[in-house]
Structure formats: C-alpha cells, structure tokens
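Note sheet for the following structure.
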Amino acid sequence: MSRTRFAAALLAALLALPAIAQNMNPRGKVEAEIGRATVSIDYGRPGLGGRSLADLLGMLPEDRVWRAGQNQVTTIETSAPVRIGGKTIPAGRYSLYLHIPESGGWQLLVNRHLGVPLREIASQPPPLDLADEPWPMVARYGQIANEEAARIALEETEATGDGDIFEIAVEGGTIRFAWGGAAYQTTLASP
C-alpha cells in the first residue's frame, strides 16, 4: 500500500471516529427499590456529538415520538406494581418512549409492546443499516400505540451537567430524563 493511500485511509478513519464514538456509548441501566418492587430501566445512551438537541428533535417523524435511547428500545421492568406519574403500572416489562411535541412539554409513553425492531425504525421497510440512522427515531410508533399502558405528562426540571449524553435516573421518588440542557421528570412510587 502506498504512503498516499495509507495516509488517506488513516485520515478517513480519524474523521469517522466521532460518529463511531457516538454509537459506542455503553448502554445505561438504572435500578431502584420502590416499595415492594424492584424497578430497572435499560437504555441506550446517545451523545449529541456536537449537534444541538433542537436539531435532533426537528428530525423526529410527524408524531414526534422517540424511543428514549439509542439502538434497541428502552425497557422498564418492575417486579410489582408501581405508580409512574400517578398511574399504576402492573408488574411486568414494558418499552418506554418519549413524545416531544413541537409545542413543548414531554410525555412518557409506557407501552406493553417490547419495542419496534431496528429493521422497522427507518422510514422505509427494508432492514436498516445503523450507519444510516443519525439518531434514534421511531417512524412507526403508530403501529403499536394501541398497546400503551400509560401516557404520562413529564414536568420540566433543572438540567445539570453538560448534558451531552442522554441519561435516565431513578432517585428520590422520581424518574428523570435529561439530554442537551433539557430535563423532565415524574414521580415513581409504590401504589
């Protein structure tokens, strides 16, 4: 391999590192004891990677539903019933989505369907090459919307930290979603 081709290949690899690093964030898992229930949430942790949250939200499909994480859908599992935002969720495993309308405010969507497979998240039916997916959108939430267990309004709260990586926290009787200077939460309690 000539030095020129090697240098070009090395430069291309170095330029691709930020995009690769964005997809290399480890998955997050939070767990808490809420009354008699053990509650755990497993989610992907996308980074902004120099992009603005407003620009990313602008890429959402018309229904403005996001799968609350990166790659596979975010899931919540509870060993006993819990109250999220005042709504009782029976013991079990659910998928979590965020509805983020242009008018503002976020809503948490708790769904019995355990996720839209990656091959179905693109706007076209063929299987998706993840390199073509700029961030975790859900173009077909409407197909599983009828399986919602709850739709919960989230309250805006103070964002802390630099906000580059999407974070979910369960602490002090709340579940909190934060990313890019935006943070929303609701209560999480024993029924």
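In region 134-184, the residue that is modelled with the highest pLDDT out of those that are among the β-branched types (Val, Ile, Thr) and farther than 28 Å from Pro81 by Cα is Ile165. For region 100-121, filtered to residues that are at pLDDT below 95 and in contact with a Lys or Arg (Cβ under 9 Å, 6 or more places away or on another chain), the residue that is farthest from Met59 (Cα to Cα) is Leu114.
Scanning region 55-67 for residues that are in contact (Cβ under 8 Å) with a residue 60 or more places away in the chain and either part of a helix (DSSP H, G or I) or among the charged types (D, E, K, R) (or both) yields Leu56, Asp63, Arg67. Mind listing just one residue for me: the one in region 87-105 that is within 12 Å of the chain's Cα centre (by Cα) and in a strand (DSSP E or B) and, of those, surrounded by the most Cβ atoms within 10 Å (Cβ to Cβ)? Within region 87-105, the match that is surrounded by the most Cβ atoms within 10 Å (Cβ to Cβ) is Tyr97. Answer yes or no: is there a residue in region 52-64 that is crowded, with 21+ Cβ neighbours inside 10 Å and modelled with pLDDT under 95. Among the residues of region 52-64, not one is crowded, with 21+ Cβ neighbours inside 10 Å and modelled with pLDDT under 95, which makes the answer no. Out of Val30, Val82, Val73, one residue alone is of a type in the set (A, V, I, L, M), surrounded by 12 or more Cβ atoms within 10 Å (Cβ to Cβ) and modelled with pLDDT under 90. It is Val73.
The values are calculated or read from the model by the stated rules, or taken from the named source; none is laboratory data. The model shown is predicted, which means the values in this text are computed figures rather than measured ones. Virtual Cβ from ideal backbone geometry, glycine too; neighbours counted across all protein chains shown.
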